[in-house]
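Participant: Got a structure here, written out as structure tokens. Questions coming.
The values are calculated or read from the model by the stated rules, or taken from the named source; none is laboratory data. The structure presented is a predicted model; accordingly, all values stated were derived computationally and were not measured. Using ideal geometry, Cβ is built from the backbone for each residue, glycine included, and neighbour counts are taken over all protein chains shown. Ligands, DNA and RNA are stripped out before the accessible areas are found, and what is left, the full protein with its side chains, is counted by its heavy atoms. Shrake-Rupley method; radii C 1.70, N 1.55, O 1.52, S 1.80 Å.
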Amino acid sequence: QVQLVESGGGLVQPGGSLRLSCAASGIAFSIFTMAWYRQATGKQRELVAVISSMGSTNYPDYVKGRFTISRDNAKNTVYLQMNSLKPEDTGVYYCKSTLHGFEYWGQGTQVTVSS
């Protein structure tokens, strides 16, 4: 049974930092592409960061330079380091694993950026 479990969300002030984790089980983690998405209330889910099985990363412009995705294949875990957080970064953050058209999602973790 595949499970992706996110953690590390919470309330942070603007300009602050958070590190999210996503622990995977039930998959050959090292060969999967991993990604983080987020969804704000009333908005569509959007891509935040992606990391390939080889460690290549990609970010959309709205987080580039502030967010960093990384993976530890020994721990079957992908991370999202978020710095210089803004109120518009608020939302539920999900991790996703993808391989050859198969995809799995975690349940999400809430991130709230507010003073």
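Participant: I'd like the distance between the alpha-carbon centres of the stretch 94-114 and the stretch 1-51, rounded to an integer number of Å.
Facilitator: After rounding, the separation between the Cα centres reads 5 Å.
Participant: Specify whether the C-alpha gyration tensor of the stretch 6-47 places it in the rounded, prolate or oblate class, a ≥ b ≥ c being the square roots of the eigenvalues: rounded for a/c under 1.5, otherwise prolate if a/b is larger than b/c and oblate if not.
Facilitator: Details: a/c = 2.71, a/b = 1.57, b/c = 1.73.
Oblate.
Participant: Oh, and also: Ignoring any ligand, DNA or RNA, what whole percent of the accessible area of the stretch 13-71 comes from carbon and sulfur when the probe is 1.4 angstrom?
Facilitator: Exposed carbon and sulfur together represent 48 percent of the surface.
Participant: Pop out the ³J(HN,Hα) list for the stretch 98-103 in order, Karplus 6.51 cos²θ - 1.76 cosθ + 1.60 with θ = phi - 60°, rounded to Hz; leave Gly and Pro as x.
Facilitator: 9, 7, 6, x, 8, 9
Participant: Same structure, new question: Seen from all sides and averaged, what is the projected area of the convex hull of the Cα atoms in the chain, in nm²?
Facilitator: The orientation-averaged projected area of the Cα hull of the chain comes to 6.8 nm².
Participant: Here is a further query. How much accessible area per residue does the chain have, in Å², with a 1.4 Å probe?
Facilitator: Details: 6100 Å² over 115 residues.
I get 53 Å² per residue for this part.
Participant: How much length, in nm to one decimal, is gained on full extension between ALA28 and PHE102, taken as 0.36 nm per residue of separation minus their Cα-Cα distance?
Facilitator: Net length gain for the segment: 25.4 nm.
Participant: Can you pull the one-decimal nm distance between simple spin-label points at LYS75 and SER17, each 7 Å off the Cα toward Cβ?
Facilitator: 1.5
Participant: While we're here: For the chain, modelled as a Gaussian network with Cα springs under 10 Å, which listed residue fluctuates most, MET34, MET54, MET82?
Facilitator: Checking each option, the largest mean-square fluctuation is seen for MET54.
Participant: Hey, got the dipole for the stretch 68-115? About the Cα centre, +1 on K and R Cβ, -1 on D and E Cβ, debye to the nearest 20?
Facilitator: Approximately 100 debye in magnitude.
Participant: Near GLU46, within a Cβ-to-Cβ distance under 14 Å, what is the net charge of the other residues, with Lys and Arg +1 and Asp and Glu -1?
Facilitator: Details: positive: ARG38, LYS43, ARG45, LYS64, LYS96; negative: ASP61, GLU88, ASP89.
That sum, taken over residues with Cβ under 14 Å, equals +2.
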